[in-house]
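Read the structure below first, then the notes.
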DNA sequence: CAAAAAAAATAAACTAGTTTAATAAATAAA
DNA sequence: TTTATTTATTAAACTAGTTTATTTTTTTTG
């Protein structure tokens, strides 16, 4: 049987004390452990009743494709992070794709809601997501692309290493060409 | 005694059935009904353990002031809407101000959390806020200011009427000058 | 209601970021 | 390991949005 220790210890962590036998069983039943190759779509616009994913290993992105076919990365999830459309069960406008080969625990919206009632701290996931997005929103609105890149470089250097540049530019809300320009300017300055 | 019917019927609504005596008492105890003149600050950057507000009458805004002293409106709350910093109790980077003379029900973070456990649907407030912000984020990122203005005009014409133009421009992430330009262009086109 | 103050409009010069296209470098595949 | 494909760079012309300053309109207040 698959190794559920990562998701179990996550729940133990949010519960604050050891899980009992029923709890262990319930969680292992609700979650499905999936091993997924990179560049695989887990969710696409139009889907309803989408699943939530907790990342054991790898890197995923949640993005949207606008009316001109341009992609915008909204967020990335790496080890020990959640990703999913919180607007589910209604039709999602989003896509989720693995950026690297990944291992995730997925859970349906319904089961997620059941656990949600038992583990109130699970709401921290939503609350934290909100706080994170709000910060990011303000950053993008009030700062230049260069400042936002610097901030990302400062706060999440590992993300920059793991992501192709065009995913970073899309996350920063600029074109790959412009990000390349920013980087060129920087590397000149560094000398 | 102040009229708590608005906040009570909100909780009755999210409960889905009539409130009993203790519930009525608890809610009325936790909330403080406040009448506030326009342009009054209810929350400012640096505050901790900030309160959440449910609007009975009026219009409020949540905004941030960036390093250059420029304001950015993140969201507005009108009748029957919540506003507050979901990142509380930690130090908030935000400001909340009344745009119109308003009547609100305010509640502390602690009491909010107590009710949160009893009325799980209260989490819809957070979830909806998140979904709303995510949508708005994508809009601002992927659309031009003119398209975003059109969308606001389409979806929330009443907001545009109630708000001074500089608050709208700040919400759209552009300068008042540019919004004025957009509007001038439009009114020419309309003829 | 007149005067003062705040908000909106207009104009012109400017800049951050886009677009298109061509080239170079890196990665994947055969 | 050579070829094909994907990703990143560079350049140049362009545009959406900014800045600063002035004028007009609207709102507030004494």
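Structural remarks
- Scan of segment A:37-57 for residues that are more than 15 Å from residue A:92 (Cβ to Cβ) and surrounded by fewer than 20 Cβ atoms within 10 Å (Cβ to Cβ), ordered by number: A:37, A:38, A:39, A:40, A:57
- When segment B:1-10 is filtered for residues that are outside any helix (DSSP H, G or I) and surrounded by 12 or more Cβ atoms within 10 Å (Cβ to Cβ), the ones remaining, listed by number, are B:2, B:4.
- Given (1) surrounded by 14 or more Cβ atoms within 10 Å (Cβ to Cβ); (2) within 12 Å of chain B (Cβ to nearest Cβ); (3) touching a strand residue (DSSP E or B) at 6+ places or on another chain (Cβ under 8 Å), number of the condition residue A:167 does not satisfy: (2)
- Where residue A:157 falls short, out of the listed (1) under 28 Å from residue B:124 (Cα atoms); (2) within 18 Å of the chain's Cα centre (by Cα): (1)
- Qualifying residue in segment B:125-141 (condition: outside any loop (DSSP other than H, G, I, E, B), in contact (Cβ under 8 Å) with a residue 12 or more places away in the chain and surrounded by fewer than 14 Cβ atoms within 10 Å (Cβ to Cβ)): yes
- Any hit, segment A:152-161, residues being more than 30 Å from residue A:20 (Cα to Cα) and either within 11 Å of chain B (Cβ to nearest Cβ) or touching a strand residue (DSSP E or B) at 6+ places or on another chain (Cβ under 7 Å) (or both): yes
- A single entry from A:69, A:58 fulfils the requirement of being farther than 14 Å from residue A:43 by Cβ and away from every other protein chain (no Cβ under 12 Å): A:58.
- Close contacts from segment A:155-174, counting a first residue that is at pLDDT below 95 and a second that is within 12 Å of DNA strand C (Cβ to nearest atom), with Cβ to Cβ under 6 Å and a gap of 6+ residues or different chains, come to none at all.
- Residue B:95, sole failed condition from (1) more than 16 Å from DNA strand C (Cβ to nearest atom); (2) out of contact with any helix residue (DSSP H, G or I) (no Cβ under 6 Å at 6 or more places or on another chain): (1)
- All positions within segment B:167-177 that are within 8 Å of DNA strand C (Cβ to nearest atom) and more than 17 Å from the chain's Cα centre (by Cα): B:176, B:177
- Segment A:81-109 residues that are without any contact (Cβ under 8 Å) to a residue 24 or more places away in the chain and at the interface with another protein chain (Cβ under 10 Å from one of its Cβ atoms), paired with ones that are crowded, with 22+ Cβ neighbours inside 10 Å and outside any strand (DSSP E or B) (beta carbon under 8 Å, 6 or more apart): A:87/B:134
- Residues that are over 21 Å from residue A:136 (Cβ atoms) and in contact (Cβ under 8 Å) with a residue 40 or more places away in the chain, drawn from segment A:55-74: A:56, A:57, A:58
- Against the criterion of being buried (at least 20 other Cβ atoms within 10 Å of the Cβ), within 16 Å of DNA strand D (Cβ to nearest atom) and over 24 Å from residue A:58 (Cβ atoms), residue A:179 does not qualify.
- In segment A:146-176, the residues that are under 19 Å from residue B:137 (Cβ atoms), assigned to a helix (DSSP H, G or I) and away from DNA strand D (no atom under 11 Å from the Cβ): A:147, A:148, A:149, A:151, A:152, A:155, A:159, A:171, A:172
- Residue in segment B:37-47 that is touching a residue at least 60 places away in the same chain (Cβ under 8 Å) and over 28 Å from residue B:137 (Cβ atoms) present: yes
The values are calculated or read from the model by the stated rules, or taken from the named source; none is laboratory data. In this text, all values refer to a predicted model and were calculated from it rather than measured experimentally. For neighbour counting, all protein chains shown are included, and Cβ atoms are generated from backbone atoms with ideal geometry for every residue, glycine included.
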